[in-house]
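What follows is a set of notes on a single structure, which appears directly below.
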Amino acid sequence: MFSYRRRFGGRVSIILYAHILARISLPPINPYIRARFFPASTSHRISGAVAVTVAVATSLSFTPHSLHLVFILLFSVLAMSFSTCAELSRCFAAASSAKPNSGKSDAIAIRSFSFGAPIARYDGVLSVSWSSKNSRIAAEASQGLTYRDAGVDIDAGSELVRRIAKMAPGIGGFGGLFPLGDSYLVAGTDGVGTKVMLAFETGIHDTIGIDLVAMSVNDIVTSGAKPLFFLDYFATGHLDVDVAEKVIKGIVDGCKQSDCVLLGGETAEMPGLYKEGEYDLSGCAVGIVKKDSVINGTNIVAGDILIGLPSSGVHSNGFSLVRRVLAQSGLSLKDQLPGSDITIAEALMAPTVIYVKQVLDLISKGGVKGMAHITGGGFTDNIPRVFPEGLGALIYDGSWEVPAVFKWLQQTGKIEDSEMRRTFNMGIGMVLVVSPEAANRILENRSETEKFYRIGEVISGNGVTFS
């Protein structure tokens, strides 16, 4: 980081990220730089540096302070261009045609520039932003974030399930079925992932229990099962009774929404295993369904319709990537979510929708052939789980309103469409596969408060395609 302090107060900082200043200050990163950036001419470097500086300068008020900002930006861009990633100058050359984006969050003006010209062959993006809150210009060259970048490998998880299936045949569905007379007990277990870390930061503990219940009951209802009871596990390093009470209250609320009983649970206090103020949660739901009423997707055929039930937001999956994007954004949980009238905290902590009563009501009217709970793996991995071999899904782009939180995540993290669809629910938390006749009935008879969307259809083939 280069910092410059004016005599009359204030501080201007040019943040040059490690992968941009690698050759200057972080030699171990050099292979990363050399693999991605290639030499360009001196004229490219100078013209590009001047162009991006002029582009930023035009968005600032003409004051002595802004002149300092422009001077330091020019110096730093030249330093970047000559000493590390000369290929960036070809991105800078596009600055003359770039338009600044400006927004306000709590009266803080933020101006940013993103130049989409490819960096070498890696389609990297250069972003330059300035905030009036701390008089800071930040320049970053980066590629779009992925779930794997955030530390979660979906493919590894799928491989583990494949290996477990060899030892315990029959697993792989959303819930496990155990025969009991003329019925099946259907069980599911889950947690809330790293969403708990946002609960720690926001102090919102009374809804995370709803998430916990939702993750399991929404899974078992995909078989047509009515939840009977729920068991929870609460683990912490030091038991804070007030916090634990709030968490359990959320679990009780979730059970009421699911029309099931909180039958019991376990509270584990394990000093040294968790940091102060932290805890983790898991839970298990058990339901029941008649054997002749099980919904398993075996009668799904090409031409059947996909009905989407809206989510409340991110629900309880993908939060490792969410937290990575939030850290990169420069915003805080208290800031207003761009494109919305709520804060980022409110958007991210919105409890997972519990679909049990709504889904069981639709099942009772007939025509429901399969269901997919859209959790980890998003559309891409979850919808095909309910199809017979040789069938896939065609999703209609634009057939539902994508919530603002997903638009912000994608834009801020520069996340590819395919990665968004495999990580997040994108505004659809449950997908029903129904006959065309049932689809028409569901859509025609919905109440004013019910939102159902015809989001696609079943086609011959495999996987999920978007059109």
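The values are calculated or read from the model by the stated rules, or taken from the named source; none is laboratory data. Because the structure is a prediction, the values reported are computed rather than measured. We place every Cβ from the backbone using ideal geometry, glycine too, and count neighbours over all the protein chains shown. To get the accessible areas, we keep the full protein, side chains included, count just its heavy atoms, and leave off ligands, DNA and RNA. Shrake-Rupley method; radii C 1.70, N 1.55, O 1.52, S 1.80 Å.
Cα extents for the stretch 189-252 along the principal axes, largest to smallest and rounded to whole angstrom: 38, 19, 17. Probing with 1.4 Å while keeping every protein chain in the model, the per residue accessible area of the stretch 149-237 equals 43 Å². Hey, with R₀ at 25 Å, roughly what FRET efficiency would residue 274 and residue 332 work out to, going by the Cβ-Cβ distance, to 0.05? It comes out at approximately 0.55.
As a calculated quantity, the FRET efficiency between residue 416 and residue 459 at R0 = 25 Å, using C-beta atoms, amounts to about 0.60. The P(r) of the stretch 228-387 has a tail past 19 Å containing 69 percent of all C-alpha pairs.
Split the accessible area of the stretch 400-446 by element, probe 1.4 Å, and carbon with sulfur accounts for 42%. Considering only protein heavy atoms, what is the solvent-accessible area of residue 189 at a probe of 1.4 Å, reported in Å² to the nearest 10? Roughly 100 Å² of residue 189 is accessible to a 1.4 Å probe. Can you give the translational diffusion coefficient of the stretch 335-426 in µm²/s, computed by Stokes-Einstein from the Kirkwood radius over Cα pairs at 10 °C and 1.306 mPa s? Estimated diffusion coefficient is 103 µm²/s.
Distance between the modelled labels on residue 241 and residue 443, one decimal in nanometres: 5.6 nm (7 Å Cα→Cβ projection). Note on residue 156 and residue 385: with the Förster distance fixed at 25 Å, the Cβ-Cβ geometry gives a FRET efficiency of about 0.90. Placing +1 on the Cβ of every Lys and Arg and -1 on the Cβ of every Asp and Glu, with nothing else charged, gives the stretch 355-421 a dipole about its Cα centre of roughly 260 debye. Using a cut-off of 28 Å between Cα atoms, the listed pairs 275/414; 369/414; 246/451; 195/451; 291/365; 334/357 include 275/414; 369/414; 246/451; 334/357 as exceeding that distance.
Here the Kirkwood formula puts the hydrodynamic radius of the stretch 141-244 at 16.8 Å, using every distinct Cα pair.
The alpha carbon radius of gyration of the stretch 211-299, expressed as a multiple of 2.2 N^0.38 Å, is 1.29.
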